[in-house]
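Take a look at the structure below.
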Amino acid sequence: MHVQVDGGYRDERNMDKLIHSFPEAVADVPDGAVVLMGGFGGAGGMPQRLILALREQGAKNLTIISNTAGLPGFGAIEGHLEVTHNVLVENGQVKKVVASFPLSPSSSRPNAFELAYREGKIELELVPQGTLAERIRAGGAGIPAFYTPAGVGTPVAQDKETRNIDGRQYVLEYALKADYAFIRAWKADRLGNLVYKGTSRTFNAGMATAALITIAEVDHLVEPGSLNPEIIITPGIYVKRIVKR
Amino acid sequence: MTSPRLNREVIAMRVARELSDGKYVNLGTGIPTLVSQFTPEGYNIVYHSESGVLNYGPLAKEGEEDIDLINAGGQFLAPVPGMAFFTSADAFAMVRGGHIDITVLGAFQVSEHGDLANWILPTRGIGNIGGAMDLVAGARRIIIAMEHTDSRNQPKVVLECTLPLTGSRCVSLIVTDVAVIEVTPSGLVLKEVAPAWTPEEVQSITEPWLIISRDLKEMEI
């Protein structure tokens, strides 16, 4: 696969996946792209530099698939960068969000998504969190759809196919795939093998598998052989580009 | 109604008495989060969070927070020996796969049949589902911890939920600031009342008819 980067062609089969800057890593994201956005919601596990680079790059009409719709202040610590995909919504680059937890928990401090939603400027597909994780997992694993008990008898299952299996009702949910996945990992080697830290693994590991182009923003870059192969969570086959913070 | 209501900590304390040794437990946000502070002495309870961690303990001390160690509510956890981290897909495989023994959740409404509504925010028109729909579909026992009435003093234990459901016929036990109520096939059974409360007083702020347990007790706190 060849992707145009900065006017030149980069051979994506090249096993050295290191990209030297965040702007270069996101340069080819087109208007209308579907982007999986990693992390659970807070600063931990959030691909913040990729998000900032995409804000600068300016791609519009994006569909963002993420656990939240961007929650400023969630899981944030003073002194740490607090950026989430909230900044892309704020900047008018997002037309649709697929999420389980779209709103700020506090109604007095609505996020950019809620303000845009009230004005009918953004679409929402609300998905139970486990269904979201499984739809992404299925997308990466070549499973087109699956039955789940979550959401049966609720608005989430409205107009969806249901089926009784062994005496219990289940709802059919379809796999999610994307053009890009922006993920954040703790350590990577140049082959794209990744490990995560603590609760920052969550959605990142699944999203890495479900996009045509997975870009990993990493805190530490090490030489191949430095990562213990027994503890690699995302094998390099899923990762196209690596950028170091 | 002048009898005093129990505070959130006491509700959590009462819920904690429902936990038994060796259980895997998921706690929702709000009052449920407080339950882990009251783990019965000598019990090993393993707490699970959708943020991808098993066996978490207390919250992190101020100044020792780690952005890579949070619970599902975005609060920072202290590192504890024996923790395990996993992906979101695994977190919910544990939930739907029947590996979580008990989940404690908050609620806006619980019906006579054990239907639960706890995600849509009526004032905002939309809501956060988070992990609640998976939890009520997969956990073995669902306990609700909530105030008995809403901010306009309307009953939250209702005949039928008027708010959109999180799950139907899923709740086992309701612990509130005035009572403990069990959901049974024959109806809601009032098991315990808060100190100074009578069953009649509890009934007066509860929409469905309560069956008064033959061994009705005062909530021990």
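Throughout, read-outs are computed from the coordinates displayed, never taken from laboratory work. All figures in this text were calculated on a predicted structure; none of them were measured in a lab. FYI the Cβ positions are ideal-geometry reconstructions off the backbone, even for glycines, and counts take in every protein chain you see.
Hand me the trypsin sites (Lys or Arg not before Pro) from the stretch A:110-158 located in a DSSP loop with no more than 15 other Cβ atoms within 10 Å, in residue order please.
Values: sites: A:Arg118, A:Lys121, A:Arg135, A:Arg137; in loops: A:Lys121.
Those that pass, being in a loop and sparsely packed, are A:Lys121.
Antiparallel beta bridges, as assigned by DSSP with both residues in the protein assembly as shown, represent about 40 percent of the total such bridges.
Panel order for B:Cys170, B:Cys161, by other beta carbons found within 10 Å of each beta carbon, from fewest to most: B:Cys161, B:Cys170. Over the protein assembly as shown, the reciprocal of the mean inverse Cα-Cα separation, the Kirkwood hydrodynamic radius, stands at 23.1 Å. The stretch A:186-245 and the stretch B:155-221 have Cα centres separated by 49 Å. Estimated from the Cβ-Cβ distance and a Förster radius of 22 angstrom, the FRET efficiency linking A:Arg168 and B:His99 is about 0.80. With neighbour counts taken as other beta-carbon atoms within 10 Å, the residues B:Ile67, B:Ile205 rank, fewest first, as B:Ile205, B:Ile67. Charge dipole of the stretch B:98-221 (Cα centre as origin; +1 on each Lys and Arg Cβ, -1 on each Asp and Glu Cβ, all else neutral): 340 debye, rounded to the nearest 20.
What is the mean number of Cβ atoms from other protein chains located within 10 Å of the Cβ atom of each residue in peptide A:40-46, rounded to a whole number? Display every interim value, and only then the final one.
Values: counts 10, 6, 7, 4, 8, 5, 1.
Average per residue, whole number: 6.
Given only helices, namely DSSP H runs of n ≥ 4 each adding -39500 (n - 2.57), what is the per-residue ellipticity at 222 nm of chain A, to the nearest 500 deg cm²/dmol?
Numbers: 6 runs with 46 residues, N = 245.
Value at 222 nm, helices only, nearest 500: -5000 deg cm²/dmol.
Return the inverse of the average 1/r over all pairs of distinct C-alpha atoms in the stretch A:87-138, which is the Kirkwood hydrodynamic radius, in Å to one decimal. Mind showing how you got there, number by number?
On the way: mean 1/r = 0.0844 Å⁻¹.
Averaging 1/r across every pair of different Cα atoms and inverting gives 11.9 Å.
Taking the Kirkwood radius as the inverse of the mean 1/r across Cα pairs, report the Rg/Rh of chain A. Don't jump to the answer; show the numbers that get you there.
Working: Rg = 18.0 Å, Rh = 18.5 Å.
Rg/Rh: 0.98.
Magnitude of the charge dipole for chain B, about its Cα centre and with charges confined to Cβ atoms of Lys, Arg (+1) and Asp, Glu (-1), is about 340 debye.
Provide B:Ser49, B:Ser172, A:Ser107 in ascending order of the number of other Cβ atoms located within 10 Å of each residue's Cβ, fewest first. All intermediate terms of the calculation are to be shown ahead of the outcome.
Details: B:Ser49 21, B:Ser172 16, A:Ser107 11.
Fewest to most other Cβ atoms nearby, the residues stand as A:Ser107, B:Ser172, B:Ser49.
Here the label points at B:Glu64 and A:Glu230, each 7 Å from Cα along the C-beta direction, are separated by 2.9 nm in the simple model. Between the residues A:Ile242, A:Gly42, A:Asn91, the greatest Cα displacement towards the positive end of the dipole of chain A, with unit charges on the Cβ of Lys, Arg, Asp and Glu, is found for A:Gly42.
Show me the chymotrypsin sites (Phe, Trp or Tyr not before Pro) within the stretch B:23-76 that DSSP assigns to loop and that have at most 16 other Cβ atoms within 10 Å of their Cβ.
Numbers: sites: B:Tyr24, B:Phe38, B:Tyr43, B:Tyr47, B:Tyr56, B:Phe76; in loops: B:Tyr43, B:Tyr56.
In loop regions of the stretch B:23-76 (DSSP not H, G, I, E or B), the sparsely surrounded chymotrypsin sites (Phe, Trp or Tyr not before Pro) are B:Tyr43.
Each label was represented as a point 7 Å from its Cα along the Cα-to-Cβ direction; for A:Asp31 and B:Ala196 these points are 6.6 nm apart.
Projecting the Cα atoms of B:Pro79, B:Gly127, A:Leu18 onto the dipole axis of the protein assembly as shown, where Lys and Arg carry +1 and Asp and Glu carry -1 at the beta carbon, places A:Leu18 farthest toward the positive end.
By the rule of a C-alpha distance below 20 Å, with chain neighbours fewer than 8 residues away ignored, the aspartates and glutamates paired with A:Lys187 are A:Asp16, A:Glu217, A:Asp219, A:Glu223, A:Glu230, B:Asp66, B:Asp68. Peptide B:51-57 shows a mean partner chain C-beta count of 4 within 10 Å per residue C-beta. In this simple spin-label model, placing a label point 7 Å from the Cα along the Cα-to-Cβ direction at both A:His20 and A:Leu212 gives a separation of 2.7 nm.
Kirkwood radius and radius of gyration were both taken over the C-alpha atoms of the stretch B:34-88, and their ratio Rg/Rh is 0.94.
The largest-to-smallest principal axis extents of the Cα set in the stretch A:201-245 are 26, 23, 19 Å. Find me the longest stretch of chain A that has none of the exposed GluC sites (Glu not before Pro), where exposed means in a DSSP loop (not H, G, I, E or B) with at most 10 other Cβ atoms within 10 Å. With a cap of 10 other Cβ atoms within 10 Å, the longest stretch comes to A:120-245.
If R0 is taken as 45 Å, the Cβ-Cβ distance between A:Arg190 and B:Ser172 corresponds to a FRET efficiency of 0.30. Extension gain for A:Arg245 to A:Leu81 (0.36 nm times residue separation, less C-alpha to C-alpha distance): 57.9 nm. Shielding by partners for peptide B:66-79, expressed as the average number of C-beta atoms from other protein chains within 10 Å of each residue's C-beta, is 6.
Computed over the stretch B:80-221, the quotient of the alpha carbon radius of gyration and 2.2 N^0.38 Å is 1.12.
Using C-alpha positions alone, give me the convex hull volume of the stretch B:14-161 per residue in cubic angstrom. Spell out each step's value before the answer.
On the way: hull volume 19.8 nm³, N = 148.
About 134 Å³ per residue, rounded to a whole number.
Local charge sum around B:Ser111 (other residues, Cβ-Cβ under 11 Å, Lys/Arg +1, Asp/Glu -1)?
On the way: positive: B:Lys156, B:Arg169; negative: B:Glu112, B:Asp115, B:Glu160, B:Glu207.
Computed value for this residue: -2.
Each Lys and Arg adds +1 at its Cβ and each Asp and Glu adds -1 at its Cβ; summed about the Cα centre, the stretch B:1-106 shows a dipole of about 480 debye.
Between amide H atoms placed 1.01 Å from N, distances below 5 Å from A:Asp189 occur with A:Val222, all of them 5 or more places distant or on a separate chain.
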